[in-house]
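Worksheet: one structure, shown below.
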Amino acid sequence: MRIIIIGAVAAGTSAAAKARRNREDAQITVYEKDSDISYSGCGMPYYLGGEVENADALTPRDPAYFQSKYNVDIRIRHEVTAIDPAARKVTVRNLATGEVFTDAYDKLVLATGARATLPPIDGVTRPHVFTLRNIGDMHRIKTFLTERQPNHVAIIGTGFIGLEVAENLKGLGMAVTLLEKLPQVTPGLDPDMAAHVQAHLEKSGVAVHTGVSVQAVTDTGVTLADGTAISADMVLVSTGVKPNAELAAAAGVALGVAGAIRVDARMQTSVPDIYACGDCIEHTHLVTGKPVYRPLGSTANKTGRIAGDSLTGGDLTFRGILGTGIFRVFGMAVAQTGLSEREARAEGFDPVVCHNIKPDRPEYMHGQEMIIKGIADRTTGRLLGAQIVGFGGVDKRIDVLATAITFGAKAEDLFHLDLAYAPPFATTKDPVMYTGMILENAIHRGRPLMTAVELDALSDSGEPYTLIDARVPAQYDKRHVPHAVSIPHEKLREAAETLDHEAVAITYCNKGTTGNAAQNILLGKGFKRVYNLSGGEKQYAAEHGKKNQ
Ligand SMILES: Cc1cc2nc3c(=O)[nH]c(=O)nc-3n(C[C@H](O)[C@H](O)[C@H](O)COP(=O)(O)OP(=O)(O)OC[C@H]3O[C@@H](n4cnc5c(N)ncnc54)[C@H](O)[C@@H]3O)c2cc1C
């Protein structure tokens, strides 16, 4: 069997390694147009910032390694320029010599990945403008940093790559300005969670401009569409990626969402004996069952392995993705899995959301607060997604939630998980369990939540409502939600008699727990429509751009 693989980073090398494990007799050739293979692109921001000291640590394997360990022939600086599915041949150009030749396959794997997009901005090809996609990009940026010693970087786009680079370049002492065309940072998060990230960026000394459009890059900085000039002697464009699918399309391979290659669960494309994997393919979403494009290294490795297995007769199939991801920005971990609230609504779900603010472990063990946004379907109780920001233990919570969602858990199932507890690691009831309890209370136990957005809409509607700040008066005096009355929790039983039992009532405290206790009191006294403000005053303030105390 003759196997040809195009692309030798995460997906291509995984496919090669798995194919070799399954078939010792196969002849496996990988063509890679770049000079670097099987590298950790995810580590590149940390080399720029110096946390990874040696670039070689990101490129531990070379073609000789694959030859000796797997008997796989990786040809670097070889670009596949055409595929002829009828003749089962590819055309290859040796970029070092210019030689062009054809090579025959029985099975072909497209692992061509993705490339950074460059928006149509004047001056975007100037020498001080960079993208960060591969090792070559990384070295170009490092050389620029070393030789030109820039003082101020403008980063266009606030996805995880832009923010990881922001953290690293700020760590070098550079001024950092973030420019985002959407009204929020981190486009994958819902705005209520992105607000925490933006506040943290600003607290860390980064200038953040949202809702702006960059019109031109000049020698001295960038110019926005409204004419504002921002000075910068280095620019990074991190506005997303585009799948490298043109070669496939030219060969008649069907494309799907976002122009990525369509594959089935065995990574088979629409053309016989052609498989695809990694950042060049679309994926099936585990919650919706619909195709989505979520290029991630975690998935690229997995789909590469499945492609390698599938084409050598194995029975591995791909089950789909949740788009689970995590990144660090100035010490804050930002994570998400499954559908966002916005996506859930767009998919026709009626989502119930909660903002659960809890320490990752007891305060006496220096626990740090994390905010978990849980999203569940009101009709079935099924968990749809979660987003977390925090400073400790975010990684394990997002993975527990991703696991739960993968296996179709409902909100009420989270409380019953037998999670590990000891003070250095968690609280007796883990924040994940609380998330389930809050959602379950809202869905099944008549303890509905109201989000800050819903409260604002209610306020705008003109419908009368009673908003009760159940904290101590000193906290109310320091800052409170507009139109709230101060009725401390311990006085609420008495004061409730004087309130309108028919009007909508909303209770709140700092984060939600006492607000829930106040909600219980009013419900017990026969109030008909009582909501607890999700995430309390803290979440409300964050969404309204106020610094949390
Ligand atoms: C800065 C950065 C940080 C990241 N951090 C994370 C992270 O923390 N977590 C995470 O999950 N993911 C992360 N990612 C994403 C992850 O790196 C990618 O998902 C992964 O590299 C995809 O692997 P791939 O093999 O599918 O594609 P690619 O890495 O794009 O590799 C495809 C290769 O195919 C080659 N190729 C294309 N066309 C041809 C052709 N015609 N002939 C020959 N060769 C060709 C290309 O030169 C390229 O080398 C990060 C990415 C970047 C850039």
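The values are calculated or read from the model by the stated rules, or taken from the named source; none is laboratory data. Because the structure is a prediction, the values reported are computed rather than measured. A quick note on method: Cβ atoms are made from the backbone with ideal geometry, for glycine too, and the neighbour counts reach across all protein chains shown. Accessible surface is based on the protein model in full, side chains and every heavy atom, while ligands, DNA and RNA are left aside. Shrake-Rupley method; radii C 1.70, N 1.55, O 1.52, S 1.80 Å.
Could you work out how far helix 513-524 tilts from the main Cα principal axis of the chain, as a 0 to 90 degree angle to the nearest 10? Once rounded, one gets 50 degrees. Given a 1.4 Å probe and the protein chains as shown, Met437 ends up with an accessible area of around 50 Å². Taking a ≥ b ≥ c as the square roots of the eigenvalues of the alpha carbon gyration tensor, the stretch 144-249 is rounded, as a/c is under 1.5. Computed from phi, the 3J(HN,Hα) profile of the stretch 306-317 under the Karplus parametrisation 6.51, -1.76, 1.60 (θ = phi - 60°) reads 5, 4, x, 6, 4, 6, 9, x, x, 10, 5, 10 Hz, with x in place of Gly and Pro.
Hey, any idea what % of the stretch 123-269's accessible area is carbon plus sulfur with a 1.4 Å probe?
Numbers: 3130 of 5940 Å².
Answer for the stretch 123-269: carbon and sulfur cover 53 percent of the accessible area.
Peptides 453-463, 271-281, 288-298 ordered by packing proxy, namely the average of other Cβ atoms within 10 Å per residue, highest first: 271-281, 288-298, 453-463.
At a probe radius of 1.4 angstrom, the accessible area of the chain per residue rounds to 43 square angstrom.
With θ taken as phi - 60° and the Karplus curve 6.51 cos²θ - 1.76 cosθ + 1.60 applied, the whole-hertz 3J(HN,Hα) list for the stretch 105-120 is 10, 9, 10, 10, 10, 9, 10, 7, x, 9, 10, 5, 7, 10, x, x Hz, x standing for glycine and proline.
Select from the stretch 317-415 those trypsin sites (Lys or Arg not before Pro) which occupy a DSSP coil region and have at most 12 other Cβ atoms within 10 Å, ordered by residue number. Working shown, then result.
Working: sites: Arg319, Arg328, Arg342, Arg345, Lys373, Arg378, Arg382, Lys396, Arg397, Lys410; in loops: Arg319, Arg378.
Here the trypsin sites (Lys or Arg not before Pro) that fit, given the DSSP loop and packing criteria, are Arg319.
So how do Tyr47, Tyr421 rank on accessible area, 1.4 Å probe, biggest first, that is with the largest at the start?
Solvent-accessible surface, decreasing: Tyr421, Tyr47.
Rounded to the nearest 20, the size of the Cβ-charge dipole of the chain about its Cα centre is 660 debye, with Lys and Arg at +1 and Asp and Glu at -1. Rounded to the nearest 20 debye, the dipole magnitude of the stretch 100-242 is 260 debye, with +1 charges on Lys and Arg beta carbons, -1 on Asp and Glu beta carbons, and the Cα centre as origin. Sorting 116-124, 17-25 by their mean Cβ neighbour count within 10 Å, with the most densely packed peptide first, gives 17-25, 116-124. Rounded to the nearest Hz, the phi-derived 3J(HN,Hα) couplings of the stretch 410-416 under the Karplus curve 6.51 cos²θ - 1.76 cosθ + 1.60 (θ = phi - 60°) are 9, 3, 5, 5, 4, 4, 8, where x marks glycine and proline.
Summing Lys, Arg as +1 and Asp, Glu as -1, what charge do residues with Cβ under 10 Å from the Cβ of Glu502 carry, Glu502 excluded? Let's see the in-between values first.
Numbers: positive: Lys528, Arg529; negative: Asp500.
Here the charged neighbours net out to +1.
For the chain, adding -39500 (n - 2.57) for each run of n ≥ 4 DSSP H residues and dividing by the number of residues yields -8500 deg cm²/dmol at 222 nm.
Express in nm, to one decimal, how much length is gained between Asp25 and Leu95 on full extension, taking 0.36 nm for each residue of separation and deducting their alpha carbon distance. Don't skip to the answer; put the middle values down first.
Numbers: separation 70, 0.36 × 70 = 25.20 nm, distance 2.92 nm.
Gain in length upon complete extension: 22.3 nm.
Taking 0.36 nm per residue of separation and subtracting the Cα-Cα distance, full extension of the segment from His483 to Asp460 would add 7.1 nm. Between the Cα long axis of helix 431-444 and the first principal axis of the chain there is an angle of about 60°, rounded to the nearest 10.
If His196, His416 are ordered by their accessible area, calculated over protein heavy atoms with a 1.4 Å probe, which sequence runs from highest to lowest?
His416, His196
Rounded, prolate or oblate for the stretch 1-61? Axes are the square roots of the Cα gyration tensor eigenvalues, ordered a ≥ b ≥ c, and the cut-off for rounded is a/c under 1.5. Here the stretch 1-61 falls in the prolate category. If I stretch the segment between Thr220 and Tyr421 completely, what's the gain in nm (0.36 nm per residue apart, minus their alpha carbon distance), one decimal? Fully extending the segment from Thr220 to Tyr421 adds 67.0 nm. Accessible surface of the stretch 331-458, 1.4 Å probe: 55 percent of it comes from carbon and sulfur atoms.
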